[in-house]
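So the structure is just underneath, and the comments pick up after that.
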Amino acid sequence: TPAYGLNYDTQAAVYTNERIEQLSNDKQIATDLKHGTQILENWKKRVTKQHPENDCPNMVMLNFSGGGLRAGVWSMVVMQHLDSLFRGEIMEQTMLMTGASGGMLAATYMRELYYRQQLGEKINLNDKFYLQSLSQDYTNAMAFSIAVNDLFYPFHSFKVGENKYKKNRAYAFESEWNNNTQNLLEGKKISDYKQVEF
């Protein structure tokens, strides 16, 4: 399944040891190290400003398991519980969120909720509504897509920017995901978070 937004009508990237070594030169490594260090310094400055009594703030790193909808629901339950234990501050003390599949869907949803909270929206990260939204059924839309689009009419397509993609079960899943999560992540790209994460 293609990643929407990427252009697949280009020459394939070369993945050889020589090419990787070209990209991993000392200058690039030093630039990445400087950038990563600055992100950490920015985080520490922000957290210690909010908690001046604590010169060694908690740094939380969350790793989410894959496993489809069950992993997503479990991840949301854990994040909401952690947030209550951290008195509503789990996200501001989180430096890294990583993982796979369903767990990362929940993490992405929580990250967007927190981002909107930072922008001033009245969002309670512990509201069970978000857990219920995440745990809605996705299989009906996907099964319909497999039966209709994938097998019989694989001709429907859509565009993201200048790139065109076929509608398939991945598209059906993403559409259902957007519906279930109030369209908070519809059209979002990783690059949309670049500046705020820095």
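The values are calculated or read from the model by the stated rules, or taken from the named source; none is laboratory data. Since the model is a prediction, treat every value here as computed from it, not as a measurement. When we count neighbours, we look across all protein chains shown, and the Cβ atoms used for this are built from the backbone with ideal geometry, even at glycine. These area figures cover heavy atoms from the full protein model, side chains too; ligands, DNA and RNA do not enter into them. Shrake-Rupley method; radii C 1.70, N 1.55, O 1.52, S 1.80 Å.
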Being open to solvent by less than 50 Å² (accessible area, probe 1.4 Å), in contact with a Gly (Cβ under 8 Å, 6 or more places away or on another chain) and assigned to a loop (DSSP other than H, G, I, E, B) is true for just one of Gly88, Gly5, Gly72. Which residue is that? Gly5
Hey, among the residues in segment 20-40 that are charged (D, E, K, R) and open to solvent by 100 Å² or more (accessible area, probe 1.4 Å), which one's modelled with the lowest pLDDT? Glu21
Any pair with Cβ under 6 angstrom, 6 or more apart, that starts in segment 168-184 at a residue that is within 18 Å of Gly5 (Cα to Cα) and ends at one that is in a loop (DSSP other than H, G, I, E, B) and among the hydroxyl-bearing types (Ser, Thr, Tyr): Ala170/Thr1; Phe173/Tyr138
Within segment 159-182, identify whether any single residue is modelled with pLDDT of 90 or more, farther than 21 Å from Glu89 by Cα and not in a helix (DSSP H, G or I), and answer yes or no. yes
Checking Asp137 against (1) of a type in the set (D, E, K, R); (2) within 26 Å of Gln93 (Cβ to Cβ); (3) modelled with pLDDT under 95, which single condition isn't satisfied? (2)
Does Thr10 count as loosely packed, with under 12 Cβ neighbours inside 10 Å and within 28 Å of Asn168 (Cβ to Cβ)? yes
